[in-house]
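Comments concern the structure below.
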Amino acid sequence: MKQAIFLSIFLLQFSTLLSEQESSEKTYSEKLKEVYSEKLKKSKELYDKGVKVASEKYAETFEDGKDISGKSKEWLLKDLQNIGDWEYKIESFDLKNLKDLEIRLNQLGAERWQCFWVEESAKGKAFYFKRTKLSYLSKIPTGALLRIMADFGNE
């Protein structure tokens, strides 16, 4: 009888220990959620930075009914052309050190570059990347953008 009680206590403690170990290890989906959350956080920081710069440029140019200077108009026209445009980058990689390749691809991903094509090259593989051009005007409220366009029309 004592052996049965001792054995059941031992098994209960052992099963508790196993369940604690299993709960401390993260599942693949939990790890994936963490990585996704981190990427989402970085994307939000990048977006917030863009909105902040756009707001500052808007405040510099249009606060208190100021007219647009010639330099501001040049910047606005250039930025307006960036809306919806793409920029491209091609990089060749030697596939001998895959860890360095992984690190570089993660850096490019953090910069919002998207790989859309890979092909053989003389140096290994050529990776083709694209991303949308940054446009601060795309982050300005529509009403403010209409005001800018109206000012362009006055000249």
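The values are calculated or read from the model by the stated rules, or taken from the named source; none is laboratory data. What you see is a predicted model, and the numbers here were worked out from it, not measured in a lab. Quick reminder, even Gly has a Cβ in these numbers, built from the backbone with ideal geometry, and neighbours come from all protein chains shown.
General observations
- The residues in segment 85-127 that are assigned to a helix (DSSP H, G or I) and among the charged types (D, E, K, R) can be counted, and the count is 4.
- Condition met for Leu32 (closer than 30 Å to Glu119 by Cα, surrounded by fewer than 11 Cβ atoms within 10 Å (Cβ to Cβ) and at pLDDT 65 or above): no
- Whichever residue in segment 70-112 is out of contact with any Phe, Trp or Tyr (no Cβ under 6 Å at 6 or more places or on another chain) and β-branched (Val, Ile, Thr) and, among such residues, is nearest to Ser138 (Cα to Cα): Ile83
- Cβ pairs under 6 Å, 6+ apart, first in segment 36-55 and in a helix (DSSP H, G or I), second charged (D, E, K, R): Gly50/Lys139; Val51/Lys139; Ala54/Lys139
- The residues of segment 105-122 that are closer than 25 Å to Trp86 by Cβ and either among the hydrophobic types (A, V, I, L, M, F, W, C) or in contact with a strand residue (DSSP E or B) (Cβ under 7 Å, 6 or more places away or on another chain) (or both), listed by number, are Leu105, Leu108, Ala110, Arg112, Trp113, Gln114, Cys115, Phe116, Trp117, Val118, Glu119, Ser121.
- Selection status of Gly109, at positive phi and either surrounded by 12 or more Cβ atoms within 10 Å (Cβ to Cβ) or at pLDDT 75 or above (or both): no
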